[in-house]
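Remarks on the structure that follows.
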Amino acid sequence: MSTVFSGGTIRTMDPARPIVEAVAIDGGTITAAGDTTAVHAAAGPGAVQHDLAGHTLLPGFVDPHHHLYLVASDRHTRAFDQHPATLRALLDRIAAIARDDDGSGWLRLHGVRPLQLAEGRLPTAAELDAACPDRPLHLLSVSYHESTVNSAGLALLGYGTATPDPAGGHLERDRRGRPTGVLIEQASFVAESLTRRASADDAGWVARATAHSRLLARHGITRIGDLAVPPEGVARYAAAAADLAVTVHRWHVGPAEIGDPTVPDLDPDQDPGHPRIPLGGFKLLVDGGERCDLCLTGGQVLRSAAGLPRAVLRHGRRALALSRRGGTPTRRPDGRWHNGLRVLERDRLAGAVRAAATRGLTPALHAVGNGAVTDALAAVDGLGRPARIEHAMVCDPATARRLADAGVQVVAQPSFLYDLGAELTMLPLPAPLTLIPLRTLLDAGTSVAASSDYPAGTLSPLVGIQAAVTRRVADGTVVHHEEGLAVEEALAAYTSAAAAALGMAGQAGVLRPGAAADLVELDRDPVRTDPEQITAIRVTGTWRTGHRTA
């Protein structure tokens, strides 16, 4: 049965025909888009009429970098959205959750933001023991790039003085070399994988995945890329597929942990998954998250150091904690100064990228700092197939032009401006580097998609769209206002460009005949709304492949 949508503003995100009067869908596909008379004629006399009543219809939002698998793996994801201000308050909250949790084995709590604590750090094992003495506890930061375990957790993981640091990460230690419980970057990911698998609950995972997919639909999201699916995720997703309210494109990670560069034995042409959960590609980590690979000239290092006293006066110990995260800059063979952590150096990175491409998998390279972005570009040079760079949060105009010339698609997170802008701007970047350089990338000709990276960032696309346009962070500060986008550009980043990042260019993220009938209805037109009020827009309907999901 055909359905015709008309009676409001319809933005197709198709440059050839950006606005139409009506759209018809049938059997999960858009069958017509154009003037009302022609669309009604194409739909036939029995078509159902959906009156938009002055609302706005867009392609369904696409979130090409999401973490549904991780969200569904825990009963306590984003447990600290009302974030404690001090370690003492955090430990009290942990103790309350531990008392109320009736499970056994590992207690995993996600969502702490160390730099929002007055102390600017995660609690140690000894401090966690007072809050949760009776079972192993794994406390994960909101980004997963750092975490901490209590003494029972250290014992169960077998971590002690003789435990070596993994490549691209480390265990923080006391003066006698004993682990304090705090795990950084790859050390955190190794522990995350071990504690997740030790807490496996297939039925609970399916229920939580289904519930989260419905939350996505309520935010107008119809399609996501899940960027951290382990090998066992194929079967879990197949079990959940019929009940999910979104289409999920799987990007796999190695069998050991998120940073494992071992490409799984997956064949896109013989994928054992479900048609609603198509195989997308393979994800690799080039650098850390908060400890990203920044590449600076000597002059930039000096300017950064000169600004530190002012930052400490303004932000106190949190600025000091932030400055210490990247470590002391070291000079590398390229003649520049680097700090932060590298997960994969050039040779291993290039080998893993080519192994993924040989299996027909689109590589998605996590590269936050400009040093990592440069090496990611080298790894995909001459690859001969699409490649994505995730984040590219620190960039300059020259690197943006190289990204455009290479045909690499950047998947950025505008909502990080809102979520993390106050933290990210404590230590200003030395020019010409800018933070989340959306305008620089687009002006260079780079294809830019937008995503949430949830649960690390805010889920709502409307929050990201407003942040991309206004560049305003939660405390009201505007960051690099010159990097702001027009509303139409931000909408494209969350629809047509985001679909392209999933390998669905022209097949989703647009309202044109033959594309998937993924739609979102809003109570007002974002283009005609005050940019500072975009987050007040309400989602009034969501359709995934023609089926109403919200």
(Q) Of the residues G54, G153, G105, only one is open to solvent by 10 Å² or more (accessible area, probe 1.4 Å) and in contact with a strand residue (DSSP E or B) (Cβ under 8 Å, 6 or more places away or on another chain); which? (A) G54
**Q.** Flag if V312 is in contact with a Leu (Cβ under 9 Å, 6 or more places away or on another chain) and modelled with pLDDT of 90 or more
**A.** no
Q: Go over the candidates A125, A130, A95 one by one and state the one that is at pLDDT 95 or above, over 28 Å from the mean Cα position of the chain (by Cα) and crowded, with 18+ Cβ neighbours inside 10 Å.
A: A125
(Q) Out of the residues in region 370-398 meeting the condition of being closer than 16 Å to V343 by Cβ and acidic (D, E), tell me which one is modelled with the lowest pLDDT. (A) D375
Q. Could you list, in sequence order, the residues of region 333-347 that are among the hydrophobic types (A, V, I, L, M, F, W, C) and over 11 Å from T297 (Cβ atoms)?
A. L341, V343, L344
Q) Among (1) farther than 19 Å from G369 by Cβ; (2) touching a helix residue (DSSP H, G or I) at 6+ places or on another chain (Cβ under 8 Å); (3) at pLDDT 95 or above, where does V411 come up short? A) (1)
Q. If a residue has to be under 25 Å from A505 (Cβ atoms) and among the acidic types (D, E) to count, how many in region 348-391 make the cut?
A. 2
Q.
Regarding region 29-44, can at least one residue be identified that is in contact with a Lys or Arg (Cβ under 7 Å, 6 or more places away or on another chain) and at pLDDT 95 or above?
A. yes
Q.
Between T86, T36, which is surrounded by fewer than 18 Cβ atoms within 10 Å (Cβ to Cβ), touching a residue at least 24 places away in the same chain (Cβ under 8 Å) and closer than 30 Å to V142 by Cα?
A. T86
**Q.** Residue satisfying all of: in region 495-550; part of a loop (DSSP other than H, G, I, E, B), touching a residue at least 24 places away in the same chain (Cβ under 8 Å) and within 22 Å of A387 (Cβ to Cβ); most open to solvent (accessible area, probe 1.4 Å) among these
**A.** G503
Q.
Between a residue in region 187-207 that is closer than 18 Å to P261 by Cβ and any residue that is in a helix (DSSP H, G or I) and among the hydroxyl-bearing types (S, T, Y), which pairs come within a Cβ distance under 8 Å, given they are 6 or more apart or on different chains?
A. none
Q: Give the residues of region 157-166 that are of a type in the set (G, A, S) and open to solvent by 40 Å² or more (accessible area, probe 1.4 Å), sorted by residue number.
A: G158, A162
Q) When only residues in region 167-211 that are open to solvent by less than 40 Å² (accessible area, probe 1.4 Å) and over 24 Å from the mean Cα position of the chain (by Cα) count, which is farthest from A367 (Cα to Cα)? A) G177
Q | Residue that is modelled with the lowest pLDDT, among those in region 251-294 that are among the small types (G, A, S), within 24 Å of L140 (Cα to Cα) and open to solvent by less than 20 Å² (accessible area, probe 1.4 Å) | A | G259
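Can you find, within region 208-261, the residue that is farthest from A167 (Cα to Cα) among those that are of a type in the set (S, T, N, Q) and touching a residue at least 40 places away in the same chain (Cβ under 8 Å)?
T222
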Q.
Just to verify a result, which residue in region 297-335, among those that are without any contact (Cβ under 8 Å) to a residue 60 or more places away in the chain and buried (at least 19 other Cβ atoms within 10 Å of the Cβ), is farthest from L122 (Cα to Cα)?
A. P329
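Quick grid of which residues meet (1) more than 20 Å from A450 (Cβ to Cβ); (2) over 22 Å from the mean Cα position of the chain (by Cα):
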residue	(1), (2)
A493	no, no
A499	no, no
A516	no, yes
T545	yes, yes
Q: Would you check which residues across region 348-364 are open to solvent by 70 Å² or more (accessible area, probe 1.4 Å) and either under 15 Å from Q300 (Cβ atoms) or touching a residue at least 60 places away in the same chain (Cβ under 8 Å) (or both) and list them?
A: R348, R359
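The values are calculated or read from the model by the stated rules, or taken from the named source; none is laboratory data. All values reported here derive from a predicted model rather than from experimental measurement. Neighbour counts are summed over all protein chains in view; Cβ atoms, including those assigned to glycine, are modelled from backbone coordinates with ideal geometry. Remember, those area values only see protein heavy atoms, side chains included, never the ligands or the DNA or RNA. Shrake-Rupley method; radii C 1.70, N 1.55, O 1.52, S 1.80 Å.
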